[in-house]
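Visitor: Let me give you the structure first, and then I'll get to my questions.
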Amino acid sequence: MAHPSQLGFQDAASPVMEELIHFHDHALMIVLLISTLVLYIIIAMVSTKLTNMYILDSQEVEIIWTILPAAILILIALPSLRILYLMDEISNPHLTIKAIGHQWYWSYEYTDYKEVAFDSYMIPTQDLNPGQFRLLEVDHRMVVPTEAPVRVLVTAEDVLHSWAVPALGVKMDAVPGRLNQTAFVASRPGVFYGQCSEICGANHSFMPIVVEAVPLKYFQDWSTLMLEDA
Ligand SMILES: *[C@@H]1O[C@H](CO)[C@@H](O)[C@H](O)[C@H]1NC(C)=O
Ligand SMILES: [Cu+2]
């Protein structure tokens, strides 16, 4: 989850998020260089006495300020496209979970286990236990194993929602009547929080997403328990 008044991204908990943060820093570095250069040129131009009112064009300068921005755009576009296609790839998922957006809660179906399906409601503020996060905690978390490719099938029952977990680098629109998929690998155990990210009505802010990543052994214990309950 984000800290109060946090600047920047949450710590990456998946390889894709690592890549995204890398790319963000790369793009920001270029922005910084361009801003510095432009600021320098502005100051140099307003403070110099070397002016010439009769210059109308200059081929050399035109060529430079056309080619240079084009080259910079390519330097941004190539790594961007690399991540875009990387995120699209769903390679051999070990587990598939269906996440369904409702007004106003998420429900999860573990399609590999058939009987494992549950709703995930936000815990109201007055019912929170010490240490739980207001407007983020849910009654039933989505539990996944660490270091295993997990596929999430995302859809909605009523209106548009969006299933998003920033630390895992995942955000997928949930569209009624359509099924979309996304995938992630949780690289470390932890509890990762997200929120519905498509305005979906009055309680849009009150349908958080909680992914609990645990080592495979514990995931097996959990799924066995869930199957016994079912
Ligand atoms: C699935 O998600 C991708 C990426 O957001 C999007 O381009 C595509 O149109 C979606 N497919 C459907 C069927 O909604
Ligand atoms: Cu929603």
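Visitor: Being away from ligand 1 (no atom under 16 Å from the Cβ) and under 19 Å from Y121 (Cα atoms) is the filter; apply it to the range 169-193 and report the residue that is farthest from the chain's Cα centre (by Cα). Before the answer, list the steps.
Guide: Here is the first cut: in the range 169-193, the ones away from ligand 1 (no atom under 16 Å from the Cβ) are 185-193.
Within this subset, residues satisfying the condition of being under 19 Å from Y121 (Cα atoms) are 191-193.
Values: V191: 15, F192: 11, Y193: 11 Å.
Looking at the filtered set, the residue picked out is V191.
Visitor: From the list P208, P176, P215, which residue is over 17 Å from E109 (Cβ atoms) and open to solvent by 40 Å² or more (accessible area, probe 1.4 Å)?
Guide: Working: P208 fails: open to solvent by 40 Å² or more (accessible area, probe 1.4 Å); P176 fails: over 17 Å from E109 (Cβ atoms).
Going through P208, P176, P215 in turn, just one is over 17 Å from E109 (Cβ atoms) and open to solvent by 40 Å² or more (accessible area, probe 1.4 Å): P215.
Visitor: Something else about it: Kindly list the number of the only condition in (1) within 21 Å of the chain's Cα centre (by Cα); (2) surrounded by fewer than 18 Cβ atoms within 10 Å (Cβ to Cβ) that fails for A202.
Guide: (1)
Visitor: Name the residues in the range 71-111 that are of a type outside the set (A, V, I, L, M) and more than 24 Å from P15 (Cα to Cα), would you?
Guide: Result: G101, H102, Q103, W104, Y105, W106, S107, E109, T111.
Visitor: Taking R188 as meeting all but one of (1) more than 15 Å from ligand 2 (Cβ to nearest atom); (2) surrounded by fewer than 15 Cβ atoms within 10 Å (Cβ to Cβ); (3) outside any loop (DSSP other than H, G, I, E, B), write down the number of the exception.
Guide: Of everything listed in (1) more than 15 Å from ligand 2 (Cβ to nearest atom); (2) surrounded by fewer than 15 Cβ atoms within 10 Å (Cβ to Cβ); (3) outside any loop (DSSP other than H, G, I, E, B), R188 misses just condition (3).
Visitor: On to the next question. Any residue in the range 100-118 that is more than 23 Å from T224 (Cα to Cα) and within 16 Å of ligand 1 (Cβ to nearest atom) sitting within a Cβ distance under 7 Å of a residue that is outside any loop (DSSP other than H, G, I, E, B) and of a type in the set (G, A, S)? List the pairs, counting only those 6 or more apart or interchain.
Guide: G101/A156; G101/A174
Visitor: So, in the range 131-168, of the ones that are among the polar types (S, T, N, Q) and away from ligand 1 (no atom under 16 Å from the Cβ), which residue ends up most open to solvent (accessible area, probe 1.4 Å)?
Guide: Narrowing the range 131-168 to residues among the polar types (S, T, N, Q): 132, 146, 155, 162.
Applying the additional criterion that residues be away from ligand 1 (no atom under 16 Å from the Cβ) yields 132, 146.
On the way: Q132: 59, T146: 22 Å².
Going through the qualifying residues, I end up with Q132.
The values are calculated or read from the model by the stated rules, or taken from the named source; none is laboratory data. No experiment lies behind these values; they were computed from the predicted model shown. Quick reminder, even Gly has a Cβ in these numbers, built from the backbone with ideal geometry, and neighbours come from all protein chains shown. We work out accessible area using only protein heavy atoms, side chains counted, and drop any ligands, DNA or RNA first. Shrake-Rupley method; radii C 1.70, N 1.55, O 1.52, S 1.80 Å.
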